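The values are calculated or read from the model by the stated rules, or taken from the named source; none is laboratory data. These numbers were taken from a predicted model, which means no experiment stands behind them. Don't worry about glycine lacking a Cβ; one is built from the backbone with ideal geometry, like all the others, and counts go over all protein chains shown. Surface areas here come from the heavy atoms of the whole protein model, side chains and all, with no ligands, DNA or RNA. Shrake-Rupley method; radii C 1.70, N 1.55, O 1.52, S 1.80 Å.
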Amino acid sequence: MNIQALINNKVSQALEAAGAPAGSPAAVRQSAKAQFGDYQANGVMGVAKKLGMNPREFAQKVIDCLELDGIADKVEIAGPGFINIFLDKAWLAARGEEALTSDRLAVATDEAQTIIVDYSAPNVAKEMHVGHLRSTIIGDAVVRTLEFLGHNVIRANHLGDWGTQFGMLIANMQRKEQQGNDVSMNISDLEGFYRESKVLYDEDEEFGVTARNFVVRLQSGDEYCLDKWRQLVSITLKQNQRNYDRLSVSLTDDNVMGESMYNDMLAPVVADLKQQGLAVESDGATVVFLDEYKNKDGDPMGVIIQKRDGGYLYTTTDIACAKYRYEQLHADRVLYFIDSRQHQHLMMAWSIVRKAGYVPESVSLEHHAFGMMLGKDGRPFKTRAGGTVRLADLLDEAEERANKLIEEKNPDLSAEEKAKIATTVAMAAVKYSDLSKHRTTDYIFDWDNMLAFEGNTAPYMQYAYTRVASIFKRANVELKDLTFPIVINDEKEQALLSKLLQFEEAVQSVAREGQPHLMCTYLFELAGLFSSFYEACPILNAEEAVKQSRLKLALLTANTIKKGLDLLGIETLERM
């Protein structure tokens, strides 16, 4: 149950009954401190001002109309007109019982939408590097959350498998063949081949002309070019999947929707934009001028959608992509987890999409941008030699460090157990370190912090789960054996249960805002409240009714931490 939504609805009804205009915001929020209750309604003052009334007097009128019988045991006015709501203990306990007996923790499903989530998006003929990590794991956490809420989620891995670089690569492959040399299809060798091709493209004018011609040939369906292109895509997909599997990311080859997928749409899209009068010829290229974007001279900025040589651009593909997602996949909402530096590019493409009528305003196109991963020096995260960090190398190092940590912490475990725990902790640490940070900010990558057993880290949260679950196991009972109800007698019990029942609110906030750090913050706070409860409220040596009530709170805490981490794509361990 989403308690915040329930109370918000009740306060909204009371506002209207007290004379507020229909649709006035109740602005119900979780209270920051226990003395302000469980929830606080902050919308009264704004409405009172519009009505020309004293806010506290209007707040009293709202309370007189507020129907929270059996839900709240106290409602009070605070400060200039805040309404503090203290939930009824028996009502909270009943909600706790519902959550405990539900495999969904009593989280309701939404009215299902078709939601497309565009994430990961690595390039072909290059190994995945740390720059792909944020898009991949943030997108995957949001996908898992949306599916949990009952939505039809379509994963879209917009693979960079089209464009100028393929003309360059194919031209160099042909050059090697003519010299009687083979091109290694090992992904690590392709990295060097890519760099070599780029140097040739930049420095050899004749090679550059050939490469650009190959781009047009590829886009036109030339079989030689397509054969080389397929080889490059195949080897890249295999390498990418190894990384996804290690990270427990839910992407597979079935989710690949590369730029090439929209190739047949590009010419018709350009023709249609011309016909609508949105696109015009300019210096031999086809351009859309956007009045809402100005250059430094104050003139409308031009967006090229077809070059003079007939080649198309990323913008053209992104226009076709959005059109396809609405017309063919019937999207109600599209989420793009793409680097913040691409924001203007996306906004301009979507501006054209809207003007052309390809996607109606009722379909939400959302750019969920993210910041960069930085080293301790505050600069983009690099190898010691200054090169790009390969994702596979980062994951290898995480496992090595976790192995040493587990060996120190628990040397008596079997080699098999140590390896399993180390791998699970390593992947969780890499993911949680990223997911726990606000998505839009840059963050410092710090091995020591991410593998620490203190603070808001994966090892801490995994250990918190193991510790809570072990309490229930030590009691040597099952849920069916607990016949006494949850009863709240202590403020620590109430604080813990109130937080447990806010799980659905955390889930909904991640789904709404595309911000997995909100779930991380929730789980960290929950673990802290459990520690306070455990220190203040004896469990196993309490009298039977109290013992069973507290065991239920412990089990609900374990279930909630496990489900929350699962939605983040992080595995829990029964033993650490």
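Restricting the range 130-187 to residues that are farther than 20 Å from Ala369 by Cβ, modelled with pLDDT under 95 and of a type in the set (Val, Ile, Thr), which is most open to solvent (accessible area, probe 1.4 Å)?
Here the answer is Thr164.
Tally time: how many residues in the range 323-373 are among the basic types (Lys, Arg), over 20 Å from Tyr119 (Cβ atoms) and either touching a Gly at 6+ places or on another chain (Cβ under 7 Å) or without any contact (Cβ under 8 Å) to a residue 12 or more places away in the chain (or both)?
Of the residues in that region, 1 qualify.
Among the residues of the range 29-71 satisfying the criterion of being in contact with a strand residue (DSSP E or B) (Cβ under 8 Å, 6 or more places away or on another chain) and among the β-branched types (Val, Ile, Thr), which is modelled with the lowest pLDDT?
Per the criteria, the residue is Val44.
Considering only the range 277-297, state which residues are at negative phi, in a loop (DSSP other than H, G, I, E, B), open to solvent by 50 Å² or more (accessible area, probe 1.4 Å) and not polar (S, T, N, Q). Explain how you work it out, then say what you get.
Filtering the range 277-297 down to residues at negative phi leaves 278-282, 285-297.
Checking the rest, the ones that are also in a loop (DSSP other than H, G, I, E, B) come to 278, 295-297.
Pick out the ones that are also open to solvent by 50 Å² or more (accessible area, probe 1.4 Å) and you get 295-297.
Result: Lys296, Asp297.
For the range 475-538, please list each of the helices (runs of 4 or more DSSP H) lying entirely inside it that holds at least 2 residues being more than 24 Å from Val153 (Cα to Cα) and over 20 Å from the mean Cα position of the chain (by Cα).
Numbers: elements: 491-500, 503-513, 517-536.
Per the criteria, 491-500, 517-536.
What helices (runs of 4 or more DSSP H) lie completely within the range 119-206 and have 2 or more residues being on the phi < 0 side of the Ramachandran plot and in contact with a Cys (Cβ under 6 Å, 6 or more places away or on another chain)?
No helices (runs of 4 or more DSSP H) qualify here.
When both residues are 6+ apart or on different chains and their Cβ atoms are under 6 Å apart, which pairs have a first residue that lies in the range 82-104 and is within 13 Å of Ile7 (Cα to Cα), and a second that is part of a helix (DSSP H, G or I)?
Ile83/Ala59; Asn84/Phe36
List the residue pairs whose Cβ atoms are under 9 Å apart, where the first residue sits in the range 524-542 and is at negative phi and β-branched (Val, Ile, Thr), the second is open to solvent by 10 Å² or more (accessible area, probe 1.4 Å) and at pLDDT 95 or above, and the two are 6 or more positions apart or on different chains.
So the pair list comes out as Ile539/Val546; Ile539/Lys547; Ile539/Arg550.
Filtering the range 523-576 down to residues that are among the charged types (D, E, K, R) and crowded, with 22+ Cβ neighbours inside 10 Å, which residue is nearest to Asp490 (Cα to Cα)?
In the first step, residues of the range 523-576 are kept if they are among the charged types (D, E, K, R); the result is 525, 535, 543-544, 547, 550, 552, 562-563, 566, 571, 574-575.
Those left that are additionally crowded, with 22+ Cβ neighbours inside 10 Å: 550, 552.
On the way: Arg550: 11, Lys552: 15 Å.
For the range 523-576, the residue satisfying everything is Arg550.
Can you confirm whether the range 371-378 contains a residue that is closer than 18 Å to Val249 by Cα and of a type in the set (A, V, I, L, M)? Show your work before the answer.
Restricting attention to the range 371-378, the residues satisfying the condition of being closer than 18 Å to Val249 by Cα are none.
Scanning the range 371-378 turns up no residue that is closer than 18 Å to Val249 by Cα and of a type in the set (A, V, I, L, M).
Within the range 239-276, restricting attention to residues that are assigned to a loop (DSSP other than H, G, I, E, B) and among the β-branched types (Val, Ile, Thr), which residue is least open to solvent (accessible area, probe 1.4 Å)? Before you say what the answer is, go through the steps one by one.
The initial filter retains those residues of the range 239-276 that are assigned to a loop (DSSP other than H, G, I, E, B), namely 247-252, 257-258, 276.
Restricting the remaining residues to those that are among the β-branched types (Val, Ile, Thr) gives 249, 252.
Details: Val249: 10, Thr252: 59 Å².
Ranking the qualifying residues of the range 239-276, first place goes to Val249.
From the residues in the range 323-356 that are of a type outside the set (Phe, Trp, Tyr) and touching a Lys or Arg at 6+ places or on another chain (Cβ under 9 Å), which one is most open to solvent (accessible area, probe 1.4 Å)?
Step one: of the range 323-356, the residues of a type outside the set (Phe, Trp, Tyr) are 323, 325, 327-335, 338-349, 351-356.
Now restrict to residues that are touching a Lys or Arg at 6+ places or on another chain (Cβ under 9 Å): 331, 334, 339, 353, 356.
Details: Ala331: 3, Val334: 4, Asp339: 33, Val353: 0, Ala356: 13 Å².
If we take residues in the range 323-356 being of a type outside the set (Phe, Trp, Tyr) and touching a Lys or Arg at 6+ places or on another chain (Cβ under 9 Å), then Asp339 is most open to solvent (accessible area, probe 1.4 Å).
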